[in-house]
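> Take a look at the following structure, please.
The values are calculated or read from the model by the stated rules, or taken from the named source; none is laboratory data. The structure displayed is predicted, hence computed values, not measured ones. Note that we place each Cβ from the backbone using ideal geometry, even for glycine, and neighbour counts take in every protein chain shown.
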2 protein chains.
Amino acid sequence: MNEYLAATAASVRFDTERATKADLFRGDRLFAGLNCFEPGQRQSVHTHAGAEKFYFLVSGKARLAVGACEVDAVAGDIVWAPAGVPHGVVTAYERTVMLVAMAPPPGSG
Amino acid sequence: MNEYLAATAASVRFDTERATKADLFRGDRLFAGLNCFEPGQRQSVHTHAGAEKFYFLVSGKARLAVGACEVDAVAGDIVWAPAGVPHGVVTAYERTVMLVAMAPPPGSG
């Protein structure tokens, strides 16, 4: 690993108490991180007024909510959350690792 | 697949003539796409003056260049290209699929 390269597997961490988050890279315009879920764990539906986001399922299977939709996603699927559209993770069906990208980064702007 | 969900596997396409690109999602602030490489294919080093980008290796193995570094990346690795820092794919060692995120999207701003 150097300033440009990270093995996402090194940041995977599961916690039976709660879903975990890890930052991978953060710039002024773009953020990359990981969200890791044990089976049954969730992420409350929330909205980023001025930011776009996607989840890419690295492994596992989960039900996500975006707007009025609920979708079941498996490894290799990407779920897009436009700015202003509520989104979250309804439940993970199994241990699930999601790569998350967000622009602009959380906490900025 | 709906407006929020895409199976990246459905957009994977290899071409022995050249590396391929596919758009997955595009917003005002964030772009997600796929780059697919046959062994030996490359992406010329280039720079986005005002955009940050990452490559996430979904499968395969490739050597990437970022700034003064060359790094070998495998499935699960993420390579970060800050704004203004030259980057590209030196070579794919095998068939390689990269998820690419960029903020702001190419062609915008």
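> List every residue pair whose Cβ atoms lie under 8 Å apart, where the two residues are 6 or more positions apart in sequence or sit on different chains, the first residue falls within segment B:42-59 and is within 14 Å of another protein chain (Cβ to nearest Cβ) and part of a strand (DSSP E or B), and the second residue, located anywhere, is of a type in the set (S, T, N, Q) and surrounded by fewer than 22 Cβ atoms within 10 Å (Cβ to Cβ).
B:Y55/B:N35; B:F56/A:T8; B:V58/B:T8
> If you don't mind, another one. Among the residues of segment B:76-96, write down those that are hydrophobic (A, V, I, L, M, F, W, C) and over 13 Å from the mean Cα position of the chain (by Cα). Full working, then the answer.
At the first step, the residues of segment B:76-96 found to be hydrophobic (A, V, I, L, M, F, W, C) are B:78-81, B:83, B:85, B:89-90, B:92.
Listed by number, the residues that qualify are B:A83, B:V85.
> A further question on this structure: Which condition number in (1) outside any strand (DSSP E or B); (2) modelled with pLDDT of 95 or more; (3) over 26 Å from B:G60 (Cβ atoms) is the one that A:R13 fails?
(3)
> Right, B:G109: in a loop (DSSP other than H, G, I, E, B), within 11 Å of chain A (Cβ to nearest Cβ), under 25 Å from A:E52 (Cα atoms) and at pLDDT below 95 or not? So that I can check it myself, show each step before the final result.
On the way: in a loop (DSSP other than H, G, I, E, B): yes; within 11 Å of chain A (Cβ to nearest Cβ): yes; under 25 Å from A:E52 (Cα atoms): yes; at pLDDT below 95: yes.
Yes.
> Got at least one residue in segment A:64-81 being facing chain B (nearest Cβ under 7 Å), aromatic (F, W, Y), touching a Leu at 6+ places or on another chain (Cβ under 9 Å) and not in a helix (DSSP H, G or I)?
Yes, the conditions are met somewhere in segment A:64-81.
> Right, another one. Identify, from the list A:G67, A:G50, A:G40, the residue that is out of contact with any Asp or Glu (no Cβ under 9 Å at 6 or more places or on another chain) and over 26 Å from B:V79 (Cα atoms).
Values: A:G67 fails: out of contact with any Asp or Glu (no Cβ under 9 Å at 6 or more places or on another chain); A:G50 fails: over 26 Å from B:V79 (Cα atoms).
The conditions single out A:G40.
> Report, by residue number, each residue of segment A:87-106 that is part of a loop (DSSP other than H, G, I, E, B) and under 25 Å from A:D15 (Cα atoms). Lay out the reasoning, then the answer.
We begin by selecting, within segment A:87-106, every residue part of a loop (DSSP other than H, G, I, E, B); these are A:93-95, A:104-106.
Matches in segment A:87-106: A:Y93, A:E94, A:R95, A:P105, A:P106.
> Quick one: would you say B:A10 is more than 23 Å from A:F25 (Cβ to Cβ) and either within 14 Å of chain A (Cβ to nearest Cβ) or surrounded by 14 or more Cβ atoms within 10 Å (Cβ to Cβ) (or both)? Please lay out each step first, then the result.
Details: more than 23 Å from A:F25 (Cβ to Cβ): yes; either within 14 Å of chain A (Cβ to nearest Cβ) or surrounded by 14 or more Cβ atoms within 10 Å (Cβ to Cβ) (or both): yes.
So B:A10 passes the test.
> Continuing with the same structure: Residues that are in contact with a helix residue (DSSP H, G or I) (Cβ under 6 Å, 6 or more places away or on another chain) and among the small types (G, A, S): does segment B:86-97 have at least one?
no
> Give me the pairs, please: first residue somewhere in segment B:16-37 and modelled with pLDDT of 95 or more, second residue anywhere and acidic (D, E), beta-carbon distance under 6 Å, and either six or more positions apart or on two chains.
B:T16/B:E38; B:G27/A:E52; B:R29/A:E52; B:L30/A:E52; B:G33/B:D23
> Right, another one. Considering only segment B:13-41, state which residues are within 14 Å of chain A (Cβ to nearest Cβ), surrounded by fewer than 19 Cβ atoms within 10 Å (Cβ to Cβ) and more than 26 Å from B:E70 (Cβ to Cβ).
Within segment B:13-41, B:D23, B:R26, B:D28 meet the criteria.
> Give A:G60, A:G27, A:G33 a once-over and let me know the one that is within 14 Å of the chain's Cα centre (by Cα) and under 21 Å from B:P82 (Cβ atoms). Give the derivation first.
Working: A:G60 fails: under 21 Å from B:P82 (Cβ atoms); A:G27 fails: within 14 Å of the chain's Cα centre (by Cα).
Answer to the check: A:G33.
> Say whether the condition of being farther than 22 Å from B:A51 by Cα, of a type in the set (A, V, I, L, M) and at pLDDT below 95 is met by at least one residue in segment A:45-68. I'd like the intermediate steps shown before the answer.
Within segment A:45-68, the first condition is being farther than 22 Å from B:A51 by Cα, and the residues that meet it are A:45-47, A:57-68.
In the following step, the residues that additionally are of a type in the set (A, V, I, L, M) were identified as A:45, A:57-58, A:62, A:64-66, A:68.
Add one more test, that the residue is at pLDDT below 95, and what stays is A:68.
Yes, there is a match, as at least one residue in segment A:45-68 is farther than 22 Å from B:A51 by Cα, of a type in the set (A, V, I, L, M) and at pLDDT below 95.
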